[in-house]
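The values are calculated or read from the model by the stated rules, or taken from the named source; none is laboratory data. Worth saying up front: this structure is predicted, and the values here are computed from it rather than measured. Cβ: placed from backbone, ideal geometry, glycine included. Neighbour counts: every protein chain shown. What goes into the accessible areas is simple: the full protein's heavy atoms, side chains included, and nothing from ligands, DNA or RNA. Shrake-Rupley method; radii C 1.70, N 1.55, O 1.52, S 1.80 Å.
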Amino acid sequence: MNERMKRPINGLMMLLGGGMLGAGIGLLLAPCSGAKSRKKMIKMGRTVSDRSDRLMRDLSGRMEDLADTMASMSGKASKMMHLR
């Protein structure tokens with residue numbers, strides 16, 4: 001194998017080795033068991049989902065209000081243009 005072929009393979013092996021080492025260290029230093037971690041992640045996911053749903057409903061309501069205001073202003077502007 002020539003030198004140009006060895007470089008990408010060495011880089012890939014380093015990346016895989018670093019990923020495995022990081023995963024192993026993460027498992028050793030994890031603050032709680034896998035079951036507890038999964039429950040925490042599910043709870044956090046639901047919380048984020050609920051918050052984003054509320055935010056989107058609020059944003060949607062505000063956009064509807066803005067559209068109504070713009071439509072009202074458009075009507076008033078149109079009437080003013082016809083008066084001139």
Inset, instruction - Have a look at Ser49, Ser33, Ser74 and tell me which one the Gaussian network model of the chain (Cα, springs below 10 Å) gives the largest fluctuation. - result: Ser74
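Taking only the alpha-carbon atoms of the chain, what semi-axes of the equivalent ellipsoid follow from 5 times the gyration tensor eigenvalues under a square root, in whole Å, largest first? Don't skip to the answer; put the middle values down first.
Values: eigenvalues 673, 150, 7 Å².
Largest first, the chain gives 58, 27, 6 Å.
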Inset, instruction - Divide by every residue of the chain the summed helix terms, -39500 (n - 2.57) for each DSSP H run of at least 4, and state the resulting mean residue ellipticity at 222 nm, rounded to the nearest 500 deg cm²/dmol. - result: -33500 deg cm²/dmol
Legend entry - Nearest-10 value in Å² for the accessible area of Lys79, using the 1.4 Å probe: 150
Inset, instruction - On the full set of protein chains, 1.4 Å probe, figure out the accessible area of Arg38 and give it in Å² to the nearest 10. - result: 140
Inset, instruction - Please name which of Ala30, Gly19, Ser60 has its Cα lying farthest along the dipole of the chain towards the positive end, using unit charges on Cβ (Lys, Arg +1; Asp, Glu -1) and the Cα centre as origin. - result: Ala30
Legend entry - Nitroxide proxy distance, nm - points 7 Å out along Cα→Cβ at Leu15 and Lys76: 5.9
